Structure formats: structure tokens, C-alpha cells
Amino acid sequence: MTIAPTHKPTFADIPLSERLAKATPLLLVPVLVLVGLAAIGNPSSWLTLTVSGLAMGMMIFIIASGLTLVFGLMDVINFGHGAFISVGAFVGISVLLALGGWAGAPSLLLNLLVVLLAVIAAMIVTGGLGWAFEKVIVRPVYGAHLKQILVTVGGLIVIEQLIAVVWGPEEIFFSRPETLKGAFTFWGAALEKYRILAVAVGLGLFVAMRLVFRRTKIGLIVRAGVENGEMVEALGYRLSRVFIGVFIAGSALAGLGGVMWGLYQEVITASMGEELMILVFIVVIIGGLGSVEGAFIGALLVGLLQNYVAFLEPKLALVSNIALMTAILMWRPQGMLPVVKAK
Amino acid sequence: MSEPVLKLKGVETDIAQYHILKKVDLDVPRGSVTMLLGRNGVGKTTTLRTIIGHWQARAGSITFDGNDITRLPVPDRARAGIGFVPEDMGIFADLTVEENMILAAISGPLDAARRDWLFSVFPPLRTFWNAAAGNLSGGQKQMLSIARAMAERRTLYLIDEPTKGLAPAIISTMVGALRELKAQGASILMVEQNFAVAKALGDHAAVMDDGRIVWTGSMAELANDATLQERLMGLSMEMQ
Ligand SMILES: Nc1ncnc2c1ncn2[C@@H]1O[C@H](COP(=O)(O)OP(=O)(O)O)[C@@H](O)[C@H]1O
Ligand SMILES: [Mg+2]
């Protein structure tokens, strides 16, 4: 037998249509933005709504990214994720209120510092809570979806009640740090400063996540694990440890999202996380379970659509997102960027 | 002769409620190639998956390199020195060829000399180094799967049907690569349905039937005895 490879190395043929199909979800965001412009007509209203929609999308993405990976890696459905949003918001806003002097000062530096401290505190607490939640509630029900739904909903309710015990049952109103109030006027449109900050934070995080997933070994392990966890283990990596790390990071990101959402609304309630989870689940499902990039596109679509429709036909805002989910699932039952699962 | 590198004693494995492996006894000698043969569905893949730990043995013991690994988690078995090439190749399709190989190097960065050697035995890997592994052809995926197991030196390689569905030219590339691996002193336990390949590479043979090892001996002995082949493996074996 000869050893020399006589075959020519070529790719398996991928038809052009298939390559294009892969790229279409990326085009949906600009298409929606243009459709929005056509429907709204007035460019300055459209710009305001677009920035607002992107800000909302970024916050939902931050919350959804951890949830989609938790599902992708271990097939775990975690309704408790909503609790981390609320806890993050309460911890973060408590820090903000405690440092009221800094938040009220007309200094961008002090204002950003107090927000940063609020975020760090929220992420530490929700990360720790995530660690305990995984250990106590999720680990005993690996591989059993119905039990996961039941116990994680149970965990969500318990944590919401604990929030009421610690912070009281009423919603808490507050205002944003001084320099983050108000809006810029640009091209006749009012662009709220905080929304622009939220877009910047969301974009920065997305870029950072992409770098981690493409440039670090741990990122590669997570991506490979979403596709084929069995093979990752056969190579010598402990998937359960990777999963715990992702669970903690995802919980901390939900906490960050909670602080950001609280600052956006200027009011927090124990059930705010639970309420947001409807949109978060829509984003995770239409993005493709396990796909961070899919969640990013899905979150932007949901945020933009919600804002456009709320302006055009307020009653239809939530329905529009459910319609979006239905349409996308009819087009791609596995979501926009489905992860190629082994088996 | 030295101790076998791998020893299965009375290994039983269930999949769901089915009793698939019914007392498997198997010795894999060190530094040589053992062919695990038998008809479709007799339990060859299940045996390899039980050795790496994807199925947990319900009874019996697995000794590797002198240590009992029967209850060890999968990653610990891999790190103890077992490379695994699964029947479905287990390629990470969303990752590039390079990223697949980076993951395969578990004790540090991929060694450049090792990589160049792998390029020489599997040239398409160099060509498609930065391409998504999911876009490779079937033969290239199989090369990547084997190269991944070979990314670092391992004591034992478990390889499940590496030539399944491949064109003859690619099969000879595979055989060449596995010969080089063997020349480096590795021990290999390989499932192979292509009898010509089994004959070309195998030193020892173990034949399975219905969840048991029913015959062991030298590959040459089995290859030269058509009636024995007929009796052990029936007609399902591709005779060439
Ligand atoms: N995941 C599974 N679920 C149920 N039965 C299985 C599974 N995998 C293998 N089996 C059964 O186990 C037996 C042995 O299969 P396998 O080890 O794959 O055989 P071989 O590799 O020798 O062709 C077959 O009867 C097969 O149907
Ligand atoms: Mg098989």
C-alpha cells in the first residue's frame, strides 16, 4: 500500500444558497431598521426609537448570553435566571443609594465610578448566588427537563420572596446619577445619554465575549462543549467545571443586566427579572439555543421591534415579539444561528 | 511478554434497559495494534465507549497502565493517556481545524514539531488549517479526528472504524499514518470492518459476537484461515 495521498484536498461542495442562508440573520437587523424608518416616516423619531431599541436589545443580550450557554452546554433550562436580574438590580441600586452624594454630584467621573461600584457589587453577589444555585438547585436535576423547570421556578419564587424580606415589598424609585440624566439632541432627535451608554456597554461586552470565544482556550472549550460535550470530555476537559464557570459568569451578567435595566427604568421591583424573562427566552429561542451570536442578533431585533411597534401601535408591542418568534421559528425551527449539535 | 497496556475483565455494560456487553474479557498488548472485529451490532463501539467512560461499566474491571480506571471520570481517563477517535469522528464543526487541534493539545500549546509531523501524514490539514472543520469532506474530517487524538503522545489509542466510507486513496493515507503512530511505540485498539486494512495493520485480533469476545489470536492467523473468519464473522465482513 502506498502512503502518498493521491486525492486532491478540496472542500466538500457547499452550495452558494447555503452560504447565503447562513449570513441572512446578520442582515435582519439593518433590514428591520430600514423597515422601521419607512413605517415611522419621521427621521428624528425613528432615530430616537432606534437608539432606544438598541439600548434595550443590548441589555437583553447581556442577560440572555449566559442563559443560552447554560442551555447549550448542559441542556439546563433555568427559570431562576430571572432572580439574578432582580437581585443584581437591588444590590446595585442599594450601592447607588448608599453613595447618593457621588451619584448626585455633577461630576461624570464620580457618577461613572458609583455606577461601576454598583455593577461590581451586583456581579459579585449574583455570581456567588449563581454558584450556590447551581450547586444546590440545578446539579441534582441534570438531564431532567421537567424537574429543572419545577425546581428553578421554585428557586425564582424563593429568591423573589427573600428580596421582599431584605428590601421590603414595595418597588423602589430613584433617579439616575446626575450626568447620566437628560439627552443629547442630534439631528433633531433626542438621544438619552444613558441609552447611548447602555449601547456602548453592550457592544463592548459583545466584542469582549467574541474575543474570549475565539482567542482563549477556555472560550474554545465552551464553544466545543456546546456542540459536543462528550468529545470535549474525551479530550480530557471536565465539562462540569466549565459549566459551573459559565453558570457563575452568566449569573453575574444577569446581575449586570439587572443594574442596567434598573437604571434604565429608574424603578426596581422584585418581579422585574421574572417579567424580563419573557423577552429573554424569546431571544434565546430565536437566536438558536446555545448561540451567543444568535442571542445578540435576536436581542437587537426584539429591542428594536418592541420600540418601533410601541410607537406605532402601543397595544401590539409584546404581541409583536411573539409574532417575531413565530415567524422566525417557521423560517428556522432551530433558531437563526442553530448550533450544530452532535447526535 | 510485558503486562498488557489495557485489560478488561468481565466487563458488562447496559445501555438503557438493554444488556449490551455480557462479560467482555480482553487484553491489549503494549506497543502493537489489536483489531477488534465482528459483525455489525455485536458491541465493538460499546466496548470502546466503555473503555473511555462514555458508558459506565456495570460490572467487571478495566485496568489501564496498571491502574484501575473502571470508575474514573472520562477526562481523567483521557489524561491518563488514552486518545479516542469515536465512530462519528466527534469533530467540532463550528471550530476551525486549528481550533480543533488547539483543544486536542491538553497539556499546553500544540507542539510545532508534532504539528508539522501531522501535516506530513495528513497534508489536507495544512491546507485547511484555518477553515471551519464542518466544511471538510468526510475523509478530511476523519484525518482531523485521528490527528486530534495524535496531537500529543498517548499510551493507548482507541480508534473506531477510521476507514468507514472513505475512498481508497484516503484509506492508504490513514494506514500510513497509523503505521507511523505504531512505529512510535503506541498501543492501538482499533475497530475495523475493512478486512484488508485490518490485515495490513493488525498484530493481534479479538473477535466479538453478541456482547462477548469469542476469539483472540494473531491477526495473521485469522487472516489466513477463511473458515475461521466465516465461522466468527459470517459474511458481513468486507472480504477483499
Ligand atoms: N445509544 C444506544 N441506545 C440503544 N441501543 C444501543 C445504543 N448504542 C448501541 N446500541 C445497541 O447496542 C448494540 C451494540 O452496538 P455497537 O456497540 O454500536 O455495535 P458495533 O459497534 O459492534 O456495530 C447494538 O444492538 C445496538 O443496537
Ligand atoms: Mg460500531
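The values are calculated or read from the model by the stated rules, or taken from the named source; none is laboratory data. Just so we're clear, the structure is a prediction, and the values are computed from it rather than from any experiment. Note that we place each Cβ from the backbone using ideal geometry, even for glycine, and neighbour counts take in every protein chain shown. The area values use the complete protein model at the heavy-atom level, side chains included, leaving out ligands, DNA and RNA. Shrake-Rupley method; radii C 1.70, N 1.55, O 1.52, S 1.80 Å.
Dividing the summed helix terms, -39500 (n - 2.57) for each DSSP H run of n ≥ 4, by the number of residues in chain B produces a 222 nm estimate of -10000 deg cm²/dmol to the nearest 500. Taken across both chains, chains B and A shield about 3200 Å² of accessible surface from a 1.4 Å probe.
For the stretch A:193-215, no residue has its backbone nitrogen under 13 Å from a point 7 Å from the Cα of A:Trp187, taken along Cα to Cβ.
Between A:Val31 and A:Met330, what FRET efficiency follows from the Cβ-Cβ distance if R0 is 22 Å, with the result rounded to 0.05? For R0 = 22 Å, the calculated efficiency reads 0.80. How many angstrom lie between the C-alpha centres of the stretch A:297-343 and the stretch A:45-72? So the separation of the two Cα centres works out to 12 Å. Across peptide B:117-130, the mean count of Cβ atoms from other chains lying within 10 Å of each residue's own Cβ comes to 2. Using θ = phi - 60° in the Karplus curve 6.51 cos²θ - 1.76 cosθ + 1.60, the 3J(HN,Hα) couplings for the stretch A:273-286 round to x, 4, 5, 5, 4, 4, 5, 5, 5, 4, 5, 5, 6, 6 Hz; x is entered for Gly and Pro. Counted residue by residue at 0.36 nm each, then reduced by the alpha carbon distance between them, the extension gain from B:Asn40 to B:Asp203 reaches 56.5 nm.
For the stretch A:238-274, the residues whose backbone nitrogen is under 20 Å from a point 7 Å from the Cα of A:Leu97, taken along Cα to Cβ, are A:255-274. Averaging 1/r over every pair of different alpha carbons in the protein assembly as shown and inverting the result gives a Kirkwood radius of 26.6 Å. Element breakdown for the protein assembly as shown at a 1.4 angstrom probe: carbon and sulfur atoms account for 63% of the accessible area. Distance between the 7 Å Cα→Cβ label points at B:Arg179 and A:Arg210: 4.7 nm. Per the Kirkwood formula applied to alpha carbons, the stretch B:1-142 shows a radius of gyration over Rh ratio, Rg over Rh, of 1.01. Computed over the stretch B:133-240, the Cα gyration tensor eigenvalues convert (square root of 5λ each) into semi-axes of 25, 16, 13 Å, ordered from largest to smallest. Accessible surface area normalised per residue over the stretch B:171-226 is 33 Å², counting heavy atoms of protein chains with a 1.4 Å rolling probe. Placing A:Arg332, B:Arg153, B:Arg179 in order of accessible area, with the largest value first and a 1.4 Å probe, yields B:Arg153, B:Arg179, A:Arg332.
Based only on the alpha carbon positions, what is the Kirkwood hydrodynamic radius of chain A, in angstrom?
Details: mean 1/r = 0.0472 Å⁻¹.
Evaluated on chain A, it is 21.2 Å.
Could you calculate the FRET efficiency of B:Thr216 with B:Ile106 from 1/(1 + (r/R0)^6), where r is the beta carbon distance between them and R0 is 22 Å, rounded to 0.05? After rounding, the FRET efficiency stands at 0.10.
Think of a 1.4 Å ball rolled over the protein heavy atoms: chain A then has 45 Å² of accessible area per residue. Here A:Val340 and A:Leu109 are evaluated by their C-beta separation; at R0 = 60 Å the FRET efficiency comes out at 0.80. Taking A:Val232, A:Val284, A:Val138 as the candidate residues, the one with maximal mean-square fluctuation in a Gaussian network model of chain A, Cα springs under 10 Å, is A:Val232. Distance between the C-alpha centres of the stretch A:106-132 and the stretch A:171-205: 17 Å, rounded to the whole angstrom. Are there residues in the stretch B:66-82 whose accessible area shrinks by at least 10 Å² when all protein chains are included rather than the chain by itself, and which are they (probe 1.4 Å, ligands and nucleic acids not counted)? So the qualifying set is B:Pro73, B:Val74, B:Pro75, B:Asp76, B:Ala78, B:Arg79.
Of the GluC sites (Glu not before Pro) found in the stretch A:106-208, those in coil by DSSP whose Cβ has at most 12 other Cβ atoms within 10 Å are A:Glu170.
By the Cα gyration tensor, the stretch A:224-343 has an equivalent ellipsoid whose semi-axes, rounded to whole angstrom, run 30, 21, 9 from largest to smallest.
Binning the alpha carbon pair distances of the stretch A:92-168 at 5 angstrom intervals from zero yields the distribution 3, 14, 16, 17, 13, 12, 10, 7, 5, 2, 0, expressed in whole percent.
Taking packing as the residue-averaged number of other Cβ atoms within 10 angstrom, the listed peptides B:182-191, B:93-102, B:15-24 run from highest to lowest as B:93-102, B:182-191, B:15-24.
The lysines within cross-link reach of B:Lys164, meaning a Cα-to-Cα straight distance under 28 Å and a gap of 8 or more places when in the same chain, are A:Lys8, A:Lys341, A:Lys343, B:Lys7, B:Lys22, B:Lys23, B:Lys44, B:Lys141, B:Lys182, B:Lys199.
Placing a pseudo-label 7 Å from each Cα along the Cα-to-Cβ vector at A:Val267 and A:Glu313 gives an inter-label distance of 2.7 nm. Evaluated at q = 0.10, 0.17 Å⁻¹, the base-10 log of the normalised Debye intensity for chain B, with identical point scatterers placed on the Cα atoms, takes the values -0.45, -1.31. Shape summary of the stretch A:11-92, radius of gyration then Dmax from alpha carbon positions: 18.4, 54 Å.
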